[in-house]
Structures are given as structure tokens and as C-alpha cells.
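Read through the structure below, which is laid out as C-alpha cells, and then see the notes.
The values are calculated or read from the model by the stated rules, or taken from the named source; none is laboratory data. These figures come from a predicted structure and were not determined experimentally. Positions of Cβ are generated from backbone atoms using ideal geometry, with glycine treated the same way; all protein chains shown enter the neighbour counts. Calculation scope for accessible area: heavy atoms of the full protein, side chains included, ligands and nucleic acids excluded. Shrake-Rupley method; radii C 1.70, N 1.55, O 1.52, S 1.80 Å.
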Amino acid sequence: MSTITTTEFLTVYEWTQRFSKYPLHRAAEFGNLKAVRSLLEAGHSPNESNYDCLTPLHEACVRGHVECARVLIEYGAQVNASCIEGSTPLCDACAAGSAETVCLLMKHGAVVNPPLVLTTPLHEAALRGDVECVQLLIKAGARLDAMDCHFGTPLHAATFMQNTLCVKALLLAGANVNATKIHQTPLHLAAVNDFSDAGKLLLQFGANPFATDNQGRTPRELLPNSMGTFYEQLKAWENSTRSLQDLCRYRIRSRIGSSRLHQTKLLGLPTSILAFLEHTYD
């Protein structure tokens, strides 16, 4: 079977003959906007699902074909349709790193915290390393500390994938820096991967260097290199006492809570104090 390019035009009859099963899915997969529109006009359902319960909208979103997604929605595609694993088109758009598609879906009612999913849209964006998608989801109310079945929280996922910008965005928004997945904190994951940039950020936001995993190991004990800068960094944090200012900032941010941190600008605080609370400077 020959590959169809996104620019090749086929009639509806040719699409249905070449792809006797799920021609609209294939047109959305290839990003063939003309074929998608023609098939919809011919009566194909935008909500038809295949053996994995994937809809054409899933196919368009996972490949970042925003215009195909737009047309499918115009014809009634369900933006919160779930596949067999529970993933929605928003999860797929985040996995593709398509901020434009994410905005489109949320504009039409996509749920940022879908139920019964193995991984949330925020996890997918964090794994992808797309900070724009991460920030869009945070602004829309995505649960920062939701757990998936693989990594833990989105902060765990971003740390594991060494996506520093996403790690910082999640921390600034109030993600729990000491959340655990099988007793592992994000700092444990940073140590396992010898990811010092993320480790430094996590420590600045209150990560506990003495936290132990399910085998009683601290992050420093998981480092593959006992002679590197990250090892020395963790050792220094273990042997030092946090400043009173640092402890106060951590306590205040914790008391405000992630759902209200974005409202700190409304408190009328001096610019220097506001910047300190928001980690604009230390």
C-alpha cells in the first residue's frame, strides 16, 4: 500500500476504497484537510471509534494537525472522547507538544483533569518537555500533584525526562516538591539520572535531601557518580542549615497552596517581597 502524502488529493470513493476501515481516521492521521472535510460531508461520523476506541480527533491531535482537529470539532467531534486507555484528545495534543491544538480543545470544553486516565494531559506535556503546554494546563487548573501509573506526579515526569523548564514551571506553580511515588521523590529521580540542573531547582524549592526510598536510600546514595558536582551539592545541602528566610518562604508558599499562588500579586506586597515569594530572585 502506497503512502499518502498530506498534499495528495483523493476522492471520497478512493479514500474509502483504499482504506476500507476507518478512512476518516487515516485522513486525520495524515493531516489531509481536504480528505477530512470531504469524508465528513459524505456522512462519515467524526465520532467513529476504532478497535482501540480512538476517534479521528485523537488521530489528528496526537500528530498536531490542528486544522483537521478544528474541522472535526466543527462537525461535532467529542473533545472529551476516551480511548481504551482513557486518554482524551487533549492528552494526545499535549503528547504532540501542540500548544495551538491544546488551546483549541480547551476552548471547546476539553477537560484538563479527565477521569480514569493512566496519565493526565499535564503528565504528557511534562514528558514532552513543552513548557508552553504545561503553562496552559496549569493556568486552566490542571492538578499539579495528580499521580499516574508510571512516574508519579507531573514533577516526577519532568524530572525523569530532564526537562528543566517544565520542572521550574511546575515548582513555581506550587507542585509538591517532596511528593512520593513508591517512596521516591523527584530529587531521587534527579539523582538516579545525575541531573544536577533539576536537582538544584528542587533543592531551592524545598526538596528534602534526607528523604529515603523504599530501600532506605537518600538521593545522594543513588548518584551514579560520587565525584561529581551534584554529589558535592547534595552533600553540602545535607551538612547545612536552611536560612530562616528560605524556611519562611517555603512555609508561606505551602500555606498559600498551589491553587492560590497565582493570586499573590493581589496581596499588595512590596515588589521585593513578592519577587522573593515567587522565586524571581533568591
**Fill in**
One finds the C-alpha centres of region 219-265 and region 72-148 to be spaced, in Å, by 30
**Message:** Loop by DSSP (not H, G, I, E, B), at most 14 other beta-carbon atoms within 10 Å: where is the longest site-free stretch of the chain for chymotrypsin sites (Phe, Trp or Tyr not before Pro)?
**Reply:** 52-209
**Message:** So for the chain, averaging the separation of alpha carbon pairs under 8 Å that are six or more residues apart and normalising by length, what relative contact order in percent results?
**Reply:** 9
**Prompt:** Where only protein heavy atoms count, and the probe is 1.4 Å, what is the accessible area per residue for region 172-282 in Å²?
**Reply:** 57
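If R₀ is 41 angstrom, what is the calculated FRET efficiency for the pair Phe210 and Leu269, using the beta carbon separation as r and rounding to 0.05? Before the final figure, lay out the partial values.
Details: r = 32 Å, r/R0 = 0.78.
The calculated FRET efficiency here is 0.80.
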**Request:** Would you mind checking Lys235/Lys265; Lys21/Lys107; Lys139/Lys181; Lys34/Lys139; Lys139/Lys235 for any pair whose Cα atoms are more than 27 angstrom apart?
**Result:** Lys235/Lys265; Lys21/Lys107; Lys34/Lys139; Lys139/Lys235
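Please report the carbon-and-sulfur percent of the accessible area for region 112-252; probe 1.4 Å, protein heavy atoms only, DNA, RNA and ligands left out. Mind showing how you got there, number by number?
Values: 3520 of 6740 Å².
Looking at region 112-252 in its full context, I get 52 percent from C and S.
Quick one: putting +1 on the C-beta of Lys and Arg, -1 on the C-beta of Asp and Glu, what dipole do you get for region 70-128 around its Cα centre, in Debye to the nearest 20? Don't skip to the answer; put the middle values down first.
Working: 3 positive and 5 negative charges, 21 e Å.
In debye, rounded to 20, region 70-128 gives about 100.
For the chain, the longest stretch holding no GluC sites (Glu not before Pro) located in a DSSP loop with at most 14 other Cβ atoms within 10 Å is which?
Values: sites that count: Glu8, Glu48, Glu85.
The reported range is 86-282.
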**Asked** Under a 1.4 Å probe, what is the accessible area of region 65-119 per residue, stated in Å²?
**Response** 41
**Prompt:** Out of Thr88, Pro186, Leu136, whose Cα points farthest toward the positive end of the dipole of region 55-191 (charges: +1 Lys, Arg; -1 Asp, Glu; placed on Cβ)?
**Reply:** Pro186
